[in-house]
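A quick write-up on the structure given underneath.
What follows is calculated from the coordinates using simple rules that are stated; it is not laboratory data. Everything quoted here is computed from the prediction, not taken from an experiment. So basically every Cβ, Gly included, is an ideal-geometry build from the backbone, and we count neighbours across all protein chains shown.
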Amino acid sequence: MNLDFSQIVPWIPFMLEGIWVTLKFVSVCIVVGFFLGTLLALCKIANIRILKAIADVYTSIFRGTPLILQLMIIYFAIPQLTGYDISPFLSAIAAFGLNSAAYVSEIIRAGIQAVDKGQTEAAEALGVPYKPMMLQIILPQALKNILPALMNEFITLTKESAIVSTIGYLDLMRRAQVVGSELYRQFEPLLFAGLIYWVMVYVLTQAGKVVERRLQYND
């Protein structure tokens, strides 16, 4: 086996910078996906047909097409139509945030519908308006039930973030490719990047378990 990890040692700081670059855009995507997904979920359970139809069509499109295709359309195709270039960072946020929202909306919708209907009936009987009822009574209970599914979505988003390397965004994956091209050795930098991704996912998994245990303890 022709392996020599000593050659990537000088490049380790360069690759480690990719962790913060990756986490920066992934964190923004998680926030965008969560809030947009919550809004879509509320539209899906609303009694207004047009809102429900829009949310269903949105979910169908973003769940039914590959994420890399959505990224390519935003980064390459939209500038062709508008004449304005979109930076890799904004393209990544738009593609991953919009895609994540589609999946998060289904998770939250299922969580809301799993809450005992008696909670809604009791709130309506007390004259609680719809918006405060959802924000203060229903959603907090739903979030406790769907936390594992949400954490799984965020972990998946972190792993799939490597796709942004295809548009030149200098995330962890792209930096590993750069090092491989400079050294004419691909295995060592890619293996090192894989180890870092594994550590990030492991930390997220453990953090999710801690939050889940605290929520159960508070119950």
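Output the pairs from K44/K131; K24/K159; K131/K209 with a Cα-Cα distance over 25 Å in this structure; if there are none, say none. Beyond 25 Å: K131/K209.
Around F25, under 13 Å between beta carbons, what's the net of Lys plus Arg minus Asp minus Glu among the other residues? Net charge in that neighbourhood comes out at 0.
When its C-alpha radius of gyration is set against 2.2 N^0.38 Å (N residues), the stretch 8-218 gives a value of 1.20.
Of interest is the spacing of the C-alpha centroids, which for the stretch 42-113 and the stretch 122-192 amounts to 14 Å.
Relative to the dominant Cα principal axis of the chain, helix 172-183 is inclined by about 10°.
By the rule of a C-alpha distance below 18 Å, with chain neighbours fewer than 8 residues away ignored, the aspartates and glutamates paired with K52 are E106. Shape class of the stretch 162-210 from the alpha-carbon gyration tensor: oblate, with a/c at 1.5 or above and b/c at least as large as a/b. Taking other C-beta atoms within 10 angstrom as a stand-in for reagent exposure, V104, V178, V211 fall in the order V211, V178, V104, fewest first. Charge tally around L139: other residues with Cβ under 12 Å, Lys/Arg +1 each, Asp/Glu -1 each, net +3. Once the Cα atoms are used to define both axes, helix 187-218 deviates from the longest principal axis of the chain by about 20 degrees. What is the angle, in °, between the Cα long axis of helix 139-160 and the longest principal axis of the Cα atoms in the chain? Nearest 10 is fine, range 0 to 90. Orientation of helix 139-160: about 20 degrees from the principal axis.
Once each of the chymotrypsin sites (Phe, Trp or Tyr not before Pro) sitting in a DSSP loop with at most 16 other beta-carbon atoms within 10 Å is removed, the chain keeps 85-183 as its longest stretch. Along the stretch 5-15 the Karplus relation, 6.51 cos²θ - 1.76 cosθ + 1.60 evaluated at θ = phi - 60°, assigns HN-Hα couplings of 6, 5, 5, 8, 4, x, 8, 4, x, 4, 6 Hz to successive residues, with x for each Gly and Pro.
Looking at A92, C43, I163, which one has the Cα that reaches farthest to the positive end of the dipole of the chain (charges on Cβ: Lys, Arg +1; Asp, Glu -1)? Of the options given, the answer is C43.
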